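Here is the structure we will look at.
The values are calculated or read from the model by the stated rules, or taken from the named source; none is laboratory data. Since we're looking at a predicted model, the values are computed, not measured. Cβ placement follows ideal geometry from the backbone for every residue including glycine, while neighbour counts extend to all protein chains displayed.
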Amino acid sequence: MNEALILQRESPLPLAEAGKILARHLGLHAADATARARYCGGILVEEAPASTLQPLAAALEEIGVLTRIVPSGPLRLLPHGYRAIGLEFLEDALLARMVDGSSLVLLRDEITAVHFYAMQPLSPPAEDGSPAEAARPGSRRGKRRGAIAAIRRQGFDGAFGTAMSPRGRALSANLKAAGLASVELHLTLCCQDPIGPVRITKDLFDFSCLEHQKQAHSLDNFLMILDDVAAYLSAAWNRDPLVRFLRELDPALILRAKGEEVTRFERWIYQWMRLERREATAAGGDSEDAGL
């Protein structure tokens, strides 16, 4: 049975050294192996016999890279999840508003990880993050896209002031200097099953949830949402890259090369969420048995 090799949660991954080991054990060209390490999203090998993965894992451990061999089947699973266009911060939960006007309660303790990233747009996005495709007028998809279009056209009624903040100007300048003026900013809240990932995109977000704090520029508004998320989810896994970005405003910290890299990273996150939940459940069962 084929298995997969994934990084441990907090493992380092020196690209050059890891690339050499991957090339040697998997028969890859050196450049391809280094690219595999750089864009793996935590999944070093998707599917291979254990006899291949075990010596590879041992060689990586010699340079400080900690891995785990897991069944390859569950690793392919990424819950469909939801897209949120508004957030309300409650004492113990987030209230996420959907495009259709419904709301979803996200318990703070059930939001295990966050993934903040940027990508260059490949095409006009659909409301679920998939490539745009034609929608019939009056269809459910057409109505939802109409709602998204309305969000994009929303004016700045009630916004405080008209000038971009110093922080917003600094980020805008950094994006332009890096050739990323049109970059799309995304945030995924990785919630436990049955909810799954809740996705937020700056250009598809209704900032009226900020009420009197709403600014005239969506970049400022999104930075405020990110500030609130970072403060609210202080114990979330993968929060540090978000906090560092908010401090340094460096787009290189969050740039993803392609959608596949994003998907692989979130599949890796959900694999670890499942593993840790299963192990915690098993440990709880053992404790109960020991007390009998």
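From the set of residues in the range 23-50 that are in contact (Cβ under 8 Å) with a residue 40 or more places away in the chain and assigned to a helix (DSSP H, G or I), which is surrounded by the fewest Cβ atoms within 10 Å (Cβ to Cβ)?
Among those residues, the one meeting the criterion is 50.
Scan the range 265-287 and give yes if some residue there is of a type in the set (Val, Ile, Thr) and modelled with pLDDT of 95 or more, otherwise no.
Scanning the range 265-287 turns up at least one residue that is of a type in the set (Val, Ile, Thr) and modelled with pLDDT of 95 or more.
Tell me, yes or no, whether the range 191-201 has at least one residue that is assigned by TED's automatic domain parsing to the domain that holds residue 109, within 23 Å of residue 107 (Cβ to Cβ), loosely packed, with under 13 Cβ neighbours inside 10 Å and at pLDDT below 95.
Yes, the range 191-201 has at least one match.
Could we say that residue 219 is assigned to a helix (DSSP H, G or I), in contact with a Ser or Thr (Cβ under 9 Å, 6 or more places away or on another chain) and at pLDDT 95 or above here?
Criteria met by residue 219.
Just to verify a result, which residue in the range 78-94, among those that are in contact with a strand residue (DSSP E or B) (Cβ under 7 Å, 6 or more places away or on another chain) and hydrophobic (A, V, I, L, M, F, W, C), is farthest from residue 222 (Cα to Cα)?
93
List the pairs whose first member sits in the range 172-192 and is closer than 18 Å to residue 263 by Cβ and touching a residue at least 60 places away in the same chain (Cβ under 8 Å), whose second member is among the hydroxyl-bearing types (Ser, Thr, Tyr) and in a strand (DSSP E or B), and whose Cβ atoms are under 6 Å apart, counting only residues at least 6 apart or on separate chains?
186/117; 186/201; 190/112
Name the single residue that is nearest to residue 46 (Cα to Cα) among those in the range 72-102 being surrounded by fewer than 12 Cβ atoms within 10 Å (Cβ to Cβ) and not charged (D, E, K, R).
So the residue we want is 77.
Does residue 62 count as closer than 30 Å to residue 107 by Cα and over 18 Å from the mean Cα position of the chain (by Cα)?
For residue 62, the condition - closer than 30 Å to residue 107 by Cα and over 18 Å from the mean Cα position of the chain (by Cα) - is not met.
Residues 9, 68: which one is of a type outside the set (A, V, I, L, M), in contact with a Phe, Trp or Tyr (Cβ under 8 Å, 6 or more places away or on another chain) and either part of a strand (DSSP E or B) or surrounded by 14 or more Cβ atoms within 10 Å (Cβ to Cβ) (or both)?
9
I need every pair where a residue in the range 210-229 that is charged (D, E, K, R) has its Cβ under 8 Å from the Cβ of a residue that is in a helix (DSSP H, G or I), sequence separation at least 6 or different chains.
Correct list of pairs: 214/207; 214/208; 214/221; 220/167; 220/168; 227/246.
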